[in-house]
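As structure tokens, the structure follows; a few thoughts come after it.
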Amino acid sequence: GTSGANGAAGTSGTSGVSGTSGTSGAGASGIGSATDVASGTTTNIGAAGASYLRITGTTTITGFDTIAAGTVIWCRFSASLTLTHNATSLILPSEANIVTAAGDIALMVSEGSGNWRCFTYTKANGTPIIGTYLISNGSIL
């Protein structure tokens with residue numbers, strides 16, 4: 001393939017604007033297909049060795065396994081389960097438990113020592129995880 005201004009040549013495909021190579025070229029990056037991981041009280045998302053996971057099952061998740069701090073993992077849920085908020089080990093953006101639905105997406109970042117922070121959570125149906133309120137004339141409607 002051909003390389004971008006700052007990228008290495010790929011063995012197939014063409015480089016993008018930033019110089020990254022085609023899918024099989026040196027420097028290629030991308031999420032790819034989701035790797036299935038079964039839900040469990042402690043769900044082993046770090047051990048999966050992938051950056052995009054599909055969490056299967058309905059078991060409540062109270063934590064994730066230990067992996068190096070700074071590791072980023074996208075999680076897509078295949079069913080309804082509960083993510084249990086913990087102020088140290090499973091920090092959720094609502095500071096409350098989240099009930100997932102099929103197609104919901106969470107961006108999880110390891111803080112090391114088995115501690116994880118959810119940086120963003122998007123519900124498949126587009127509703128926010130925290131209710132929104134309309135304020136009119138100083139009153140909550």
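Below, the figures for the structure above:
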| item | result |
| --- | --- |
| Region 47-106 - convex hull of the alpha-carbon atoms, volume per residue in Å³ | 85 Å³ |
| Amide proton proximity set for Arg54, modelled H, under 5 Å, gap of 5+ | Thr35, Asp36, Val37, Arg76 |
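Every number in this text was worked out from the coordinates using simple rules, so none of it is lab data. As the structure is a prediction and not an experimental result, all values here were calculated from the model.
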